[in-house]
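A quick write-up on the structure given underneath.
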Amino acid sequence: MFAASLLASVLLATTALARPSGIAGRLARRRTGTHLSKPVQLIEHAATSNVSNVEYSSNWAGAVYDSYPSGSFTAVTGTFTVPTPSAPSGGSGSYSASAWVGIDGDTCDTAILQTGVDFTIDGGSVSYDAWYEWYPDYAYDFSGISFSAGDTVKLTVTASSTTSGTAVIENQSTGQTVTQDITSSSALCEENAEWIVEDYEENGSLVPLADFGTVTFTSASATTTSGSVGPDDATLIDIEQSNKVLTSASVSSNEVTVKYV
């Protein structure tokens, strides 16, 4: 009996050690299905259906390419300044948002290769989490990197094939860089490239969205099989919840700006 118990304990310890590296903090919650960045959830918005190049969703704000004519997307990058999140006016409790770059998730909704940073305000406490994800799997936290408000952070995802790729996050203010090679059985279509601020899910529901101020992705570009493109011709997406538009997105030749409104 003792031997059986000892064996069970050893197997349990071995299983724990065999888990993927980088599991820390919120990852334990994420990996059990409580944190998930999902494909865009578009909303029919009849009142402004005549507005050119703007769509509305319950979870994404930013800029998205839909099947760019020059070739498949193989990489996306962008640099942003870490914001100080706050509770919306009159709000209390915990609020979050996430800034990320990715491939697919719009017209191709079966897979997304993405990496980004969450920012959370819980009471008076602000926290940040760096992560990577190949949807439909959940997000995994990076270890070995930290953030403070005002840090300059570069995000990059690269698809080496439709089922393998790399996520890189660089904190250019501290010199910290983390990299993760990822494989998946869910193949990318390589149809979409995006620069997004997201209201992500926990336990199957959207988290309360933090007031993130303004997030601007600078040096924003996407690599296709025919060369690199900026986001200026991408489709804009804004978050709308309970019939209220919460963000305002805009683009230029190499920038994507998302404002909380």
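The values are calculated or read from the model by the stated rules, or taken from the named source; none is laboratory data. Just so you know, these numbers come straight off a predicted model, no measurement behind them. Methodologically, a virtual Cβ is constructed for each residue, glycine included, from the backbone with ideal geometry; neighbour enumeration extends over all protein chains shown.
Per-structure values
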read-out: Verdict on S146 being part of a strand (DSSP E or B) and polar (S, T, N, Q); value: no
read-out: Which listed residue is part of a loop (DSSP other than H, G, I, E, B) and of a type in the set (S, T, N, Q), from T79, T84, T74; value: T84
read-out: Test result for R29, more than 18 Å from I239 (Cβ to Cβ) and either at pLDDT 90 or above or within 18 Å of the chain's Cα centre (by Cα) (or both); value: yes
read-out: Test: residue in segment 113-122 that is over 21 Å from A210 (Cα atoms) and crowded, with 19+ Cβ neighbours inside 10 Å; value: yes
read-out: Qualifying residue in segment 132-145 (condition: over 13 Å from the mean Cα position of the chain (by Cα) and more than 27 Å from G204 (Cα to Cα)); value: yes
read-out: Selection within segment 161-182 - in contact (Cβ under 8 Å) with a residue 24 or more places away in the chain and part of a strand (DSSP E or B); value: G165, A167, V168, I169, N171, Q176, T177, V178, Q180, I182
